[in-house]
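J.: Have a look at the structure that comes next, please.
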Amino acid sequence: MRRREPVEQGARQVVTETEAVAAGREVTDARPAAASQPATGRGCDPGRRPEHGQPPAPVAGDDPAAPLPVAPYRLHVDGVPRRVTGAALEESLLTVLRERLGITSVKDACEHGRCGSCSVLLDGRLVNSCTVLAADAADARISTVAGLPADGLAPVLQQAFLRHGAVQCGFCTPGFIVSATDLLTRRPDASEDELREALAGNICRCTGYGRIIAAIRAVQAELAGGGEPAAGGEAAGDAGTVGDASAAGPGDGTGEGA
Ligand code: FES
Ligand code: FES
């Protein structure tokens, strides 16, 4: 009777290696090399892998999975019509603002609608621009932090952020300024709880939020004519690690820089 093979190929090699080690011989990997990646496999070819925040590279030929170019369109950003050409259908408003129009005050962090760093106003409505298709915003008015009125709430909030040490690295600041401007425009007398809830979609990894809340509360007090409460007052309960905000790198509240 014919003897059965004791093990299948992979386990067989383990037995062989174990035997070799026991015999004091050097073990070499005799397994066949993994199949090389196809040169044009979508998402598999490192040469075609998009950089973080970049749209996938267009693919020559008739690949049905290739991004579809769309007709040129205009975005109205901060009161200026901007022509967008060559954008793929799936490009987000965030990608188009930053990568095609060079508007870097709109920050790119999670790209999943979780952090608020890409906040803009779309026809006056607060949105995370990473969750909006740019082509869908073609007929809308888009306001970034840089386009908020110079005689409005945004500059007042920026100054309050600086006074209260609510700016450290400054990465989150443009998003907070846009969100806080939106809130105080609609609800200038919002309670601290309402304020915290309204800003829950904005993430700051540096300040602990207390100084941000204190800065916005101070602006509310100014608006109400009641003067400004001292920095670090009722809402300041953070880790207290903020130094001189005026020395905090890009953190001047404008969001300029990458
Ligand atoms: S980058 Fe848009 S919410 Fe985080
Ligand atoms: S993330 Fe650095 S100041 Fe908010």
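Readers should treat all values here as calculations from the given coordinates under stated rules, not as data from a laboratory. Small disclaimer: the values here were computed from a predicted structure and weren't measured. We place every Cβ from the backbone using ideal geometry, glycine too, and count neighbours over all the protein chains shown.
J.: Set the Förster radius R0 to 35 Å, insert the Cβ-Cβ distance between residue 139 and residue 196 as r into 1/(1 + (r/R0)^6), and round the FRET efficiency to 0.05.
T.: That pair, residue 139 with residue 196, gives E of 0.55.
J.: Right, here's the next one. Rounding to the nearest 20 debye, state how big the charge dipole of the range 102-163 is about its Cα centre with +1 on each Lys and Arg Cβ and -1 on each Asp and Glu Cβ.
T.: Charge dipole, the range 102-163, about its Cα centre: 260 debye, nearest 20.
J.: Assuming a viscosity of 1.002 mPa s and a temperature of 20 °C, what translational diffusion coefficient in µm² per second does Stokes-Einstein assign to the range 73-147, Rh being the Kirkwood radius over Cα pairs?
T.: Working: Rh = 11.8 Å.
Result for D is 181 µm²/s.
J.: Amide H of residue 73 versus every other amide H placed in the peptide plane: which residues, excluding those fewer than 5 positions away on the same chain, fall under 5 Å?
T.: 84
J.: To continue, here is another question. If you add up the charges near residue 86, with Lys and Arg at +1 and Asp and Glu at -1, over every other residue whose beta carbon is less than 13 angstrom from its beta carbon, what do you get?
T.: 0
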